[in-house]
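Undergrad: Quick one: the structure is below, and I'll ask about it shortly.
The values are calculated or read from the model by the stated rules, or taken from the named source; none is laboratory data. Everything quoted here is computed from the prediction, not taken from an experiment. Virtual Cβ from ideal backbone geometry, glycine too; neighbours counted across all protein chains shown.
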Amino acid sequence: VLVTIESTLLAGRSFAATGSIETACKTAQRGNPMKNPLDSLWGTIISGLVLTVILYFVVKSILG
Amino acid sequence: MDYVPALARWIHLISGVMWIGLLYYFNFVQVAAMKAATADGTAAGIGKHVAPRALLFFRWAAVVTWLAGAALLSDKFVDAFTLRHGMAGIGVGAWLGTIMLFNVWALIWPNQQKILGLKPATDDEKNRARRLAFLASRTNTMLSIPMLFFMAGGWSHRAVFGL
């Protein structure tokens, strides 16, 4: 009985592993879901604003 | 009144408006317009008559803006670019402007020449050039936001830092 349970569990793990690989392959085939913010105007503007805030604090610390 | 700084400031502002104005025209107007014009078969006119003229004023306005800015900084040029002696604010603005000038002449213009057919290029090269020029132009649009913030602060930094 134990052997049967063990083999069933292993088969299940193997199935699960195969499933997750398949999902990963499908995701890879669909392409990278991450987008470049510069591809959209709003992404560009928001990136510029974020950079402004970062540089503001950098300059403020330099100026004392 | 010292005429050289006054003249340099005036030229810096006029050419800067032309440079950044055309940069915003490309990014906010022409990219979308080209997409729509390509769809209805009228893109050739923009590519032939509008883009080359806009690019001519765009790239030379960038040079004039940088030179007038350098003249305006005068003996503070090194202090600004090394972010020393209280010149960090305008220095960051100057660095961003310099990176943008580099993008114009090293990335945008050479790739636009291929796109517009001013330089021979295969279809693959044209597609690559299109993507590179687009990203360089968008990078400049992004950099223009902090660049204008720090330029608007001037040398005194009082406007933005209250120091």
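Undergrad: Just name the residue that is nearest to B:Phe161 (Cα to Cα) out of those in region A:47-64 that are among the β-branched types (Val, Ile, Thr) and in contact with a helix residue (DSSP H, G or I) (Cβ under 7 Å, 6 or more places away or on another chain). Quick ask: steps written out before the conclusion?
TA: Let us first name the residues in region A:47-64 that are among the β-branched types (Val, Ile, Thr), namely A:50, A:52-54, A:58-59, A:62.
Then keep just the ones that are in contact with a helix residue (DSSP H, G or I) (Cβ under 7 Å, 6 or more places away or on another chain); that gives A:52, A:59, A:62.
On the way: A:Thr52: 13, A:Val59: 9, A:Ile62: 12 Å.
Once the filter is applied, the top-ranked residue is A:Val59.
Undergrad: Considering (1) within 18 Å of the chain's Cα centre (by Cα); (2) touching a residue at least 60 places away in the same chain (Cβ under 8 Å), say which one B:Tyr25 fails and leave the rest.
TA: For B:Tyr25, the exception is condition (2).
Undergrad: If you check B:Ala36 against the conditions, is it under 16 Å from the mean Cα position of the chain (by Cα), in a helix (DSSP H, G or I), without any contact (Cβ under 8 Å) to a residue 12 or more places away in the chain and more than 21 Å from B:Asn111 (Cα to Cα)?
TA: Working: under 16 Å from the mean Cα position of the chain (by Cα): no; in a helix (DSSP H, G or I): yes; without any contact (Cβ under 8 Å) to a residue 12 or more places away in the chain: yes; more than 21 Å from B:Asn111 (Cα to Cα): yes.
In short, no.
Undergrad: Would you confirm, using the coordinates I've provided, whether B:Ile20 is within 14 Å of another protein chain (Cβ to nearest Cβ), in contact with a helix residue (DSSP H, G or I) (Cβ under 8 Å, 6 or more places away or on another chain) and modelled with pLDDT of 95 or more?
TA: On the way: within 14 Å of another protein chain (Cβ to nearest Cβ): yes; in contact with a helix residue (DSSP H, G or I) (Cβ under 8 Å, 6 or more places away or on another chain): yes; modelled with pLDDT of 95 or more: yes.
Answer is yes for this residue.
Undergrad: Could you pull out the residue among B:Met100, B:Met87 that is closer than 28 Å to A:Ser61 by Cα, surrounded by 21 or more Cβ atoms within 10 Å (Cβ to Cβ) and at pLDDT below 95? Outline the logic, then answer.
TA: Numbers: B:Met100 fails: at pLDDT below 95.
Going through B:Met100, B:Met87 in turn, the sole match is B:Met87.
Undergrad: Any residue at all in region B:79-101 that is under 22 Å from B:Pro52 (Cβ atoms) and in contact (Cβ under 8 Å) with a residue 24 or more places away in the chain? Walk me through it before giving the result.
TA: Step one: of region B:79-101, the residues under 22 Å from B:Pro52 (Cβ atoms) are B:100-101.
Pick out the ones that are also in contact (Cβ under 8 Å) with a residue 24 or more places away in the chain and you get B:100-101.
Yes, region B:79-101 contains at least one residue that is under 22 Å from B:Pro52 (Cβ atoms) and in contact (Cβ under 8 Å) with a residue 24 or more places away in the chain.
Undergrad: Just checking, which of B:Ala61, B:Ala152 is in contact with a Ser or Thr (Cβ under 6 Å, 6 or more places away or on another chain) and under 19 Å from B:Met18 (Cβ atoms)?
TA: Answer to the selection: B:Ala61.
Undergrad: Continuing with this model, one more query. Has region B:134-145 got any residue that is charged (D, E, K, R) and in contact (Cβ under 8 Å) with a residue 40 or more places away in the chain?
TA: Scanning region B:134-145 turns up at least one residue that is charged (D, E, K, R) and in contact (Cβ under 8 Å) with a residue 40 or more places away in the chain.
Undergrad: Based on what the data block shows, is B:Ala136 under 19 Å from B:Met34 (Cα atoms) and within 14 Å of chain A (Cβ to nearest Cβ)? Give the derivation first.
TA: Values: under 19 Å from B:Met34 (Cα atoms): yes; within 14 Å of chain A (Cβ to nearest Cβ): yes.
Here the answer is yes, as B:Ala136 does meet what is asked.
Undergrad: Residues of region B:38-82 being within 14 Å of chain A (Cβ to nearest Cβ) and either over 30 Å from B:Ala133 (Cα atoms) or in contact with a Leu (Cβ under 8 Å, 6 or more places away or on another chain) (or both), which ones?
TA: So the first thing to find is which residues in region B:38-82 are within 14 Å of chain A (Cβ to nearest Cβ), and the list is B:79-82.
B:Asp79, B:Ala80, listed by residue number.
Undergrad: Which numbered condition in (1) more than 11 Å from chain A (Cβ to nearest Cβ); (2) more than 17 Å from B:Leu13 (Cβ to Cβ); (3) among the aliphatic types (A, V, I, L, M) is the only one that B:Met142 fails?
TA: Going through the list (1) more than 11 Å from chain A (Cβ to nearest Cβ); (2) more than 17 Å from B:Leu13 (Cβ to Cβ); (3) among the aliphatic types (A, V, I, L, M), B:Met142 breaks only (1).
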